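Beneath this line is the structure, given in structure tokens, with notes to follow.
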Amino acid sequence: MIPQTIDFHAHVIAPAARELAEQARREGRAQEGPPQTNAESAEHNRKLAQERYEADFAQLDRRLARMDKQQIEMEVLSPSPETYNYWAEADLAERMVRANNEYIAELVQKHPQRFTGISAVAMQHPDLAARQVREAVRDFGLKGIEVSGSPGGADLDDSRFEPVWQAVEEHDAVVFIHPAGCVIGSRLLDYYLNNLIGNPLDTTIALSRLIFGGVLDRFPGLKIVGAHGGGFLPSYVSRSDHGYAVRPECQRIQHPPSWYVRNRLWFDNLVYRRESAAHLIREAGPSQVVLGTDYPYDMGQDDPVAIVEAIEQLSVEDKARIKSGNAAGLLKLR
């Protein structure tokens, strides 16, 4: 029986994968990027991890209790973006991804009515990532992959990622684009702007490049879900449409950008307010929106179901699509 509510945006951390990354850091093998927040935000995040997130990740009863409180029947488990580790060499990256997959698959196997899952892949090694797509679906029974909007600083329309998209399309898997911050020099370091603005901006750029770069035309079977309401793209896609109408460099695609928003992309409803969710649904259509909480992080939302239910202009059928039907179709749940 298909769940009545499906949270497409819920994270886990696999202890074995984290230990592999921490060991690499201790050995000086990790090549971390520039800082993404100032010291104040970094310290607050450290306290949140210590006082709340560690228990949320480790204690399954806490997760299930939160799901029940949020009226969530099923979560789509995805690795926390902090574990992408796009700096890792191929051998280490392969072991970390396998550890993630084993952990998620075990949770799904133990609680198949409450969880399904998607995999991280080593996008910094595209041929390896393509193989990991196949292994995630075939060997672990996962439903797709999660990627950053700019893996290792590369954009998703880069030709090096074509083998990954081909593997995703061949296996009818879903791609969840979830940013791991967005650094624009030092302009986003203060006030937690790296997350407040940077995360949705990174998704906006990623989705826009997939559109204008022709990736969605070349791979018509790709199913892309953008975190955090798809960033700013759905709200201001009219500007992209105008560029398509007047700029020759924007006219190398088969349709106006808004067509892809309404037909080829999906978005979680993590926009916090009923009015914002209603706007997203008007722009993208009720067939393109799913639920999202961003469990267990403080920038998530606790009431994704209530937000949908509060939109009076939505039909009962459209509410059911957003709460469950769209996600079930993307994930091929039966």
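The values are calculated or read from the model by the stated rules, or taken from the named source; none is laboratory data. Being a predicted model, the structure only gives us computed values, none of them experimental. All Cβ positions, even for glycine, are placed from backbone atoms using ideal geometry, and neighbour counts span all protein chains on display.
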Of all the residues that make up region 244-268, how many are in contact with an Asp or Glu (Cβ under 7 Å, 6 or more places away or on another chain) and not β-branched (Val, Ile, Thr)? 4
For region 278-303, pairs from a residue that is modelled with pLDDT under 95 to a residue that is in a loop (DSSP other than H, G, I, E, B), with Cβ under 8 Å and 6 or more apart or across chains, are Asp302/Gln70; Asp302/Thr293
Residues to consider are Ile205, Ile177; find the one that is touching a residue at least 40 places away in the same chain (Cβ under 8 Å), under 17 Å from the mean Cα position of the chain (by Cα) and crowded, with 21+ Cβ neighbours inside 10 Å. Ile177
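Tell me whether region 205-213 contains one or more residues that are in contact with a Phe, Trp or Tyr (Cβ under 7 Å, 6 or more places away or on another chain), at pLDDT 95 or above and β-branched (Val, Ile, Thr).
yes
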Checking Val289 against (1) of a type in the set (Val, Ile, Thr); (2) buried (at least 19 other Cβ atoms within 10 Å of the Cβ); (3) within 25 Å of Phe219 (Cβ to Cβ); (4) in contact with an Asp or Glu (Cβ under 7 Å, 6 or more places away or on another chain), only one condition comes out false. Which one? (4)
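In this structure, does Gln313 turn out to be of a type outside the set (Gly, Ala, Ser), at pLDDT 95 or above and in a loop (DSSP other than H, G, I, E, B)? Give the derivation first.
Working: of a type outside the set (Gly, Ala, Ser): yes; at pLDDT 95 or above: no; in a loop (DSSP other than H, G, I, E, B): yes.
So Gln313 does not fit the description; no.
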The one condition in (1) surrounded by fewer than 23 Cβ atoms within 10 Å (Cβ to Cβ); (2) touching a helix residue (DSSP H, G or I) at 6+ places or on another chain (Cβ under 9 Å); (3) under 16 Å from Pro163 (Cβ atoms); (4) in contact (Cβ under 8 Å) with a residue 40 or more places away in the chain that Arg131 fails to fulfil: (4)
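Tally up the residues in region 230-261 that are within 25 Å of the chain's Cα centre (by Cα), assigned to a helix (DSSP H, G or I), within 18 Å of Gly214 (Cβ to Cβ) and touching a residue at least 12 places away in the same chain (Cβ under 8 Å), please. I'd like the intermediate steps shown before the answer.
Residues of region 230-261 within 25 Å of the chain's Cα centre (by Cα): 230-241, 253, 255-261.
After this cut, where a residue has to be assigned to a helix (DSSP H, G or I) as well, the list is 230, 234-241, 257-261.
Still in the running and within 18 Å of Gly214 (Cβ to Cβ): 237, 240-241, 257-261.
Add one more test, that the residue is touching a residue at least 12 places away in the same chain (Cβ under 8 Å), and what stays is 237, 240-241, 257-258, 260-261.
Total meeting the criteria: 7.
Going by the structure shown, is Arg29 over 28 Å from Gly229 (Cα atoms), part of a helix (DSSP H, G or I) and not hydroxyl-bearing (Ser, Thr, Tyr)? Give the derivation first.
Numbers: over 28 Å from Gly229 (Cα atoms): yes; part of a helix (DSSP H, G or I): no; not hydroxyl-bearing (Ser, Thr, Tyr): yes.
No, not satisfied.
Which of the following residues is at pLDDT below 95 and of a type in the set (Lys, Arg): Arg334, Arg273? Reasoning before the result, please.
Details: Arg273 fails: at pLDDT below 95.
Exactly one residue qualifies, and that residue is Arg334.
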